[in-house]
Amino acid sequence: MFRRIKPAWSASGDQLDDILEARAARVETGGGEDSTRISLDVLKGDFDFVFPIFVELLQKPAFRQDKIDLAKTQTRTGISRRNDEPQSIMFREAQKLAYGPDSPYARTPEYATINNITRDDLIAFHNRFVHPNNIVMGFVGDFDTAAMEKKLRDAFSSWQRGEKAPPAPPVNAAPKTGFYFVSKEDVTQANIAAVYPTTLLRRDPDFYAVEVMNAILSGGFSGRLLTDIRSKAGLAYNVGGGLGVGWDRPVLFNVFMSTKSPTTIQSIDLLKQEISDLQTKPFTAEELQLAKDTILNRYVFSVASKAQILGQRQLLEFYGYPADYIERFRKGIAAVTAADVERVAKKYVHPDQLAVLVVGNQKEFEKPLATAYGKVTPIDVTIPEAGKSVR
Amino acid sequence: MKRLLAALFTLALPISAQDLASIEKRVTVRKLDNGLTIIMMERHEAPVFSYATVVNVGSAQEVPGITGLAHMFEHMAFKGSEDVGATNYDAERVALQKVEEAYAAYDTERRKSVGRDDAKVAQLEKAWKDAIEAANKYVVAEEFSRILDQAGSVGVNAFTNTDETVYFYSLPSNRLELWTFLESERFLHPVFREFYKERDVVTEERRLSTESRPQGRLREEFLSAAFKAHPYGSPVIGWPSDLKAFSATDAAAFFKKYYVPSNMVIAVVGDVKPSEALPLLEKYFGRLPKAPPPEPVRTIEPAQTAERTVVLHEKSQPIYIEGYHRPAATDPDDPVYDVIAILLSGGRTSHLYRSLVRDKKIAAFANASPNSPGGKYPSLFTFNAVTTPGHTPAEITAAIAEEIDKIKNQDATPEELQSVKTRVKAGLLRQLDSNAGMAFNLALTQTEYGDWRELFRQIDRIDKVTAADVRRVANQTFNPNNRTIAYIDNSQSQKSAPKGGTQ
């Protein structure tokens, strides 16, 4: 039994690194928008030795000050470099534009906010959220299920319940119709995004028709955006996006591309046209069939391994969706008609709400954005120094 | 606001379950009469399969004037064939011939250095564009991709590097025959339709990945400084002038020379039965005409006898690369370089992480890579680092030198070496977990070493690497005259803000 094993878990982070890497085992954590993940990946024979480390890290992480300092340095490095690549500016600022700069779904770490975080903050955060009734845990691999269940019960059954976490904060975003510009001179391309906040969730029956519409717009390599803007016009290497549909909160409509500076205006016009076309250019029977076949025939890959099936079940559990959701999804897609797609395009696509964001070197555009479109709002992305207020 | 916490955990298979012997039983290799090698591995866990076609041609086969052509051909392989993507191929062939003639006339006139007639250039350019317009009438745009999308393909893509061009995707296993048809067609009857539009797309790819990214700009400068003779010094994506100049006729000649069956390996992994699948593959791929293999690259990079340093003065934050010439991947010391790279930068126990990232805190990231940009020819052992705020490339140079000094002068401990070897094995098994990863590794190893089993023999060779090997190879490689350093310096821009990176 692993409980009798010498408690490796009292080791420092550096000692844990030695212990884990000597066995090619991996225990990693990662933070997302609305969840945190901790994972263990270990060779079968090492399970009983490594599992207690995993349990200890999950339940009682040490949060040693030296590791906090290191993580802060890493985060500050990220902040200092966040304006170096135009595409990452575009994705970040499009989020801020659509959700609002102070929204938890768009805000970014700043020197001042990182400097403020203390070890006590981390402990309080852990105490508040890491409870067994707040966790969805999944297991997959080469083990005997009954034996594994016993090990898990031994490890976790005495773990006390905690307070249930509050629901995700609301989105509260309003359209920011207009043109926005971030100046970046050391590039040969303009990055363009067209965004607005949507309202749709995956539980809504309209989701299936929207998925089909998205596939027609940008599914695979044969969607409208790729065919028209990349293959036929040769204006972009990457172009994509569509109407986002969230699990438990609305997300964004976001269509984006990059093109050489002298074809920026031409590309914006074309991109806007593709978006309006969703409401005016009829979806052909061929497009509809192609989109549905693409989604349905690909389905087998989403259940091609046990790990994938497990991952899906965890996701459904996390967001409170029924276990047969995947099967419902297939049926929902199969039932979508051209009239459905037309209806959802009229209902959820809002060409009049687009915030068009351009990141690039305006001197090399065909003409200034203001000449082409009238009012253009500049966005200052200067990184606030520590101690200064965050915009 | 964090709401919930999800923990996933996985148990990998034990190493012994997936050793060479057990894999060998499920692998079938067939060399067709035309010279094409097919590797097939059965895995019936799910009704799907993945494949990888490796063509033994990369940017190393290019010469000045056609840089970027190997990659350009990769893009063209998605444009269909005589049957796929065409409404009337006979008419299209004639129209495409006219495009080539018009382009040759235009290109010759515009590149005249003496006596160029600008009015004539404009007129010839118009004639060329008109010819393209005429040929486009016969094109069914993205039909190749549409068929694959509709069939339920995933991961449809390809890449080109210095050494190889690789095509890959996955399909439900009931589409095997569709795949054999499409994959053989693209190499049997390629049609260079929409070539000049695709050249624009590739130029956008260059702007995206190289010109508008500090990392891309630095890497291009680094490689062209490190190699002065061998084609490894030229970018895979190509130089801008060549991307503006080369023609579909050039691409066709390149294709004819390098896309011959004896220069290609195809691996298929998944829910396939060799007894049923091999006859199909023989039928379709057997159609590729036999041709002599291309001649090897002549140029060998001369020994580096002086240190080279490249500095990009620009606004973006410092990035650092340092490289040392080393022999090709077929050299007996190849596994020693792999071990050195993992000792230096594999995970949080590695020397670079503990020194540069954890203790000195001068880098947020520090990596060592055993062979860059390729492996087929003598290449470079490289170090990459990203500085933390307030720290400089000079500090990185000094810190790397310290770690190199230790590797040269102190034996790695037995525990360290054992940990490296364990991780190499586990790393390989994790890669081979997916059908796509297995197909890719089998085809690539067969191409580079002539035998897919080398994939597993490499592990045995890594097992044999000793502490003395590590010191010996470090001492023969990591010397100042064999070093190229490239970094971004933004200290000037703090004062004068120069413009960097645009062409």
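The values are calculated or read from the model by the stated rules, or taken from the named source; none is laboratory data. Model, not experiment: these values are computed from the prediction. Cβ atoms come from the backbone with ideal geometry, glycine included; neighbour counts cover every protein chain shown. Surface areas here come from the heavy atoms of the whole protein model, side chains and all, with no ligands, DNA or RNA. Shrake-Rupley method; radii C 1.70, N 1.55, O 1.52, S 1.80 Å.
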Of all residues in the stretch A:75-90, how many are farther than 18 Å from A:Tyr111 by Cβ and within 9 Å of chain B (Cβ to nearest Cβ)? 3
What's the number of the condition A:Trp159 fails, among (1) away from chain B (no Cβ under 12 Å); (2) farther than 27 Å from A:Arg76 by Cβ; (3) surrounded by fewer than 15 Cβ atoms within 10 Å (Cβ to Cβ)? (3)
From the option list A:Phe179, A:Phe125, A:Phe143, single residue qualifying as free of Cβ contacts under 8 Å to residues at least 12 places away in the same chain and either aromatic (Phe, Trp, Tyr) or closer than 25 Å to A:Val349 by Cβ (or both) is A:Phe125
Considering only residues that are at the interface with chain B (Cβ under 7 Å from one of its Cβ atoms), open to solvent by 20 Å² or more (accessible area, probe 1.4 Å) and assigned to a helix (DSSP H, G or I), which ones fall in the stretch A:35-53? A:Lys44, A:Gly45
Within the stretch B:348-376, the residues that are open to solvent by less than 40 Å² (accessible area, probe 1.4 Å) and touching a residue at least 60 places away in the same chain (Cβ under 8 Å) are B:Thr349, B:Pro373, B:Gly374, B:Gly375
Please determine whether any residue of the stretch B:205-221 is more than 14 Å from chain A (Cβ to nearest Cβ), without any contact (Cβ under 8 Å) to a residue 60 or more places away in the chain and more than 15 Å from the chain's Cα centre (by Cα). no
The number of residues in the stretch A:226-269 that are open to solvent by 30 Å² or more (accessible area, probe 1.4 Å), more than 8 Å from chain B (Cβ to nearest Cβ) and under 20 Å from A:Glu185 (Cα atoms) is 3
Exception for B:Val84 within (1) surrounded by 14 or more Cβ atoms within 10 Å (Cβ to Cβ); (2) modelled with pLDDT of 95 or more falls at (2)
Test for B:Pro240: is it under 21 Å from the mean Cα position of the chain (by Cα) and under 30 Å from B:Ala105 (Cβ atoms): yes
Every residue in the stretch B:165-177 that is out of contact with any Asp or Glu (no Cβ under 6 Å at 6 or more places or on another chain), open to solvent by 10 Å² or more (accessible area, probe 1.4 Å) and under 15 Å from A:Arg298 (Cα atoms), please. B:Ser170, B:Pro172, B:Asn174, B:Arg175, B:Leu176
Of all the residues that make up the stretch B:195-219, how many are of a type in the set (Lys, Arg) and open to solvent by less than 20 Å² (accessible area, probe 1.4 Å)? 3
State whether one or more residues within the stretch B:143-164 are at the interface with chain A (Cβ under 7 Å from one of its Cβ atoms), charged (D, E, K, R) and crowded, with 20+ Cβ neighbours inside 10 Å. yes
Members of the stretch A:166-217 that are in a loop (DSSP other than H, G, I, E, B), more than 22 Å from the chain's Cα centre (by Cα) and away from chain B (no Cβ under 12 Å): A:Thr177, A:Pro205
Answer yes or no: is there a residue in the stretch A:99-116 that is among the acidic types (Asp, Glu) and within 12 Å of chain B (Cβ to nearest Cβ). no
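Each row is one residue, and each column tells you yes or no for (1) away from every other protein chain (no Cβ under 14 Å); (2) under 18 Å from A:Val245 (Cβ atoms); (3) at pLDDT 90 or above.
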{"position": "A:Arg298", "(1), (2), (3)": "no, yes, yes"}
{"position": "A:Ser305", "(1), (2), (3)": "no, no, no"}
{"position": "A:Gln314", "(1), (2), (3)": "no, no, yes"}
{"position": "A:Gly320", "(1), (2), (3)": "no, yes, yes"}
{"position": "A:Ile333", "(1), (2), (3)": "no, yes, yes"}
{"position": "A:Val344", "(1), (2), (3)": "yes, yes, yes"}
{"position": "A:Lys347", "(1), (2), (3)": "yes, yes, yes"}
{"position": "A:Pro351", "(1), (2), (3)": "yes, no, yes"}
{"position": "A:Leu357", "(1), (2), (3)": "yes, no, yes"}
Please go through the stretch B:92-137 and give me each residue that is in a loop (DSSP other than H, G, I, E, B), more than 32 Å from the chain's Cα centre (by Cα) and more than 14 Å from every other protein chain (Cβ to nearest Cβ), ordered by number. B:Lys112, B:Ser113, B:Val114, B:Gly115, B:Arg116, B:Asp117
B:Thr165 modelled with pLDDT of 95 or more and within 26 Å of B:Arg206 (Cα to Cα): yes
Would the stretch B:411-433 turn up any residue that is basic (Lys, Arg) and modelled with pLDDT of 95 or more? no
